[in-house]
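Here's the structure, in structure tokens; my notes come after.
The values are calculated or read from the model by the stated rules, or taken from the named source; none is laboratory data. Model, not experiment: these values are computed from the prediction. Note that each Cβ is placed from the backbone with ideal geometry, even for glycine, and that neighbours are counted across all protein chains shown. We work out accessible area using only protein heavy atoms, side chains counted, and drop any ligands, DNA or RNA first. Shrake-Rupley method; radii C 1.70, N 1.55, O 1.52, S 1.80 Å.
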Amino acid sequence: MSPSVRLQEMIRVIRGARTQGEERGVIQRECAAIRAQFRQADNGTRSHNLAKLLYVHMLGYPAHFGQMECVRLIASPRYNEKRVGYLGAMMLLDEKQDASLLITNSIKNDLSHSSQYVQSLALCTLGCMGSAEMCRDLAPEIDRLLRASNSYIKKKAALCAVHIVRKVPELGELFTPASRSLLSEKNHGVLHGAVVLITELCERNPETLEQFRKAVPELVQIMKGLVMSGYSPEHNVAGISDPFLQVRILRLLRILGRNNETASDAVNDLLAQVATNTDSSKTAGSAVLYETVLTVMDIKSESGLRVLAVNILGRFLLNNDRNIRYISMTSLQKIVQTDHNAVQRHRGTIVDCLKDQDASVKRRALELSLALVSAVNIRSLMKELLLFLSSCPPELRAHTTSGIFNAAERYAPSQRWHIDTILHVLTTAGGDVRDETVPNLIQLITTATELHCYTVHKLYRALIADISVQSLVQVACWCIGEYGDLLLRGECEETEPVQVHEGGCCVVLPQEPANQVRDENYCNKLW
């Protein structure tokens, strides 16, 4: 490969390599040629060679020797070279590199350049890899550009200011006045950048948060304009007017309305309007509605609005997109503790999600179903959970049994129902139960004096049917040892009695192979 090979030709040769070793050899030869040309005087190929080096860097090969070339190209007066130099700086430099400090002066000069595109390159680079020292030095320039008349520059400057605030939080006060004035802009790009910047300022400074609470009516008007506006080809996404800006405004309103009744009251009507006028048949509409639900639940909203938000999540459960169903159940799980009755209305849909093929959706449905168990629905919901236990994946079985035991212990309508439920779990998934299940069940049986006969007969039947479950054998052996006389007596009103005699009883120890036939002498010795 000749040193003057074009970038497209180098890519073609690299992609045509049949082995990794062949690819490595091609790249090593090309990098050697690029180094040699970097050492020569400027012959007009520096940007061309740096572009090739950036492709090599994207493939994961070392390209650090091109850092100084980035600095030289950024200082170039030609736009094409400056563009490649800034791109290389964003890819090859970071705040830990000493070379990054060398471009500070070039960025400062370019921020005052007559061309908006050169200013944009400097803003993007500073917003991508600017160190704390660079941010402190250039923050006044960014504040100046926030007040510029060019919307293209103001949009870039707002996003660059976000990076500066994240790097040096104390500089946030510098951008507060300018960011407040950006809310009066009509350009959606500027509005988006302004909302992101204000959100960052409010999250980092409580005093700034109080200042921007005065801007809630202005944000509400902007949001209403987006919701009620007609078709706009420039901002329309699947029938939704600029959903990206809507989501950002809703997030900011959530921060401003949190723990503040005045701001919450000003937002309630807007949230109801968004919830009722947004089409959820497309992903863009679902994103706006989901952000609306989060805002409703995080501020001091009205009870009717909270019910409406839960109903929106309930509709999400019927969506064919599994991702939407997953985030819906994740949100419902956070809500169920505070709005249990509202979530309870969607219990049937949630239980149906237990049959979903997606493992993540199934796990979320299980956690939410367990959270919905109460004294009122314990019988019906437990039937569904026990049915799910019989066919659930192995990785969910332990979690399911643990949840069933906890629910049964809290809401069991009777001791007999409690015992039956635990025995059913032992026979279905006995190998996945917790270690403390056996002593807990023994304690439960001990306290249920009137059920001793019923329990010993039921355990004996379960033991005869399957003796391979260790936890079941442990409980059964203890119960038969304690209440064996009730078993031998053969009288039980609660269940069909069985005739048991000393010579006909066959018990196999847990470590012995299951269902293995034993002779009568062995059984007699065991008894």
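Would a scan of region 78-99 turn up a residue that is more than 29 Å from Ser114 (Cβ to Cβ), in contact (Cβ under 8 Å) with a residue 40 or more places away in the chain, in contact with a helix residue (DSSP H, G or I) (Cβ under 9 Å, 6 or more places away or on another chain) and not in a helix (DSSP H, G or I)?
The answer is no; no qualifying residue exists.
Examine region 91-109 for a residue that is among the hydroxyl-bearing types (Ser, Thr, Tyr) and closer than 21 Å to Ala178 by Cα, and state whether such a residue exists.
The answer is no, given that none of the residues of region 91-109 is among the hydroxyl-bearing types (Ser, Thr, Tyr) and closer than 21 Å to Ala178 by Cα.
Which residues, taken from region 76-89, are within 26 Å of Leu59 (Cα to Cα) and open to solvent by 60 Å² or more (accessible area, probe 1.4 Å)?
Asn80, Arg83, Leu87
Test Cys31 against the criterion of being under 26 Å from Met134 (Cα atoms), surrounded by 15 or more Cβ atoms within 10 Å (Cβ to Cβ), touching a residue at least 12 places away in the same chain (Cβ under 8 Å) and out of contact with any strand residue (DSSP E or B) (no Cβ under 6 Å at 6 or more places or on another chain), and give yes or no.
In short, no.
Filter the helices (runs of 4 or more DSSP H) completely within region 106-214 down to those with at least 3 residues that are crowded, with 18+ Cβ neighbours inside 10 Å and of a type in the set (Val, Ile, Thr).
Ranges flagged: 151-167, 188-204.
Tell me the residue from Val343, Val293, Val307 that is of a type in the set (A, V, I, L, M, F, W, C), surrounded by fewer than 17 Cβ atoms within 10 Å (Cβ to Cβ), free of Cβ contacts under 8 Å to residues at least 40 places away in the same chain and assigned to a helix (DSSP H, G or I), please.
Val307
How many of the residues in region 36-60 are open to solvent by 50 Å² or more (accessible area, probe 1.4 Å) and at pLDDT 85 or above?
Residues that pass the stated criteria total 5.
Working carefully through the options Thr428, Thr446, find the one that is farther than 18 Å from Glu384 by Cα and either among the polar types (S, T, N, Q) or modelled with pLDDT of 85 or more (or both).
Thr446
Suppose the filter is at pLDDT 90 or above, more than 28 Å from Gly172 (Cα to Cα) and either assigned to a helix (DSSP H, G or I) or more than 26 Å from the chain's Cα centre (by Cα) (or both); does Leu253 pass it?
For Leu253, the condition - at pLDDT 90 or above, more than 28 Å from Gly172 (Cα to Cα) and either assigned to a helix (DSSP H, G or I) or more than 26 Å from the chain's Cα centre (by Cα) (or both) - is not met.
Residue pairs, Cβ under 9 Å, 6 or more apart or interchain, first in region 137-149 and over 17 Å from Val162 (Cβ atoms), second surrounded by fewer than 21 Cβ atoms within 10 Å (Cβ to Cβ) and among the charged types (D, E, K, R). List them.
Every condition considered, the pairs that remain are Asp137/Lys108.
Taking Ser390 as the residue in question, decide whether it is open to solvent by 50 Å² or more (accessible area, probe 1.4 Å) and either closer than 23 Å to Ala429 by Cβ or in contact with a Gly (Cβ under 6 Å, 6 or more places away or on another chain) (or both).
yes
Going by the conditions given, is Thr330 among the hydroxyl-bearing types (Ser, Thr, Tyr), open to solvent by less than 10 Å² (accessible area, probe 1.4 Å) and assigned to a helix (DSSP H, G or I)?
no
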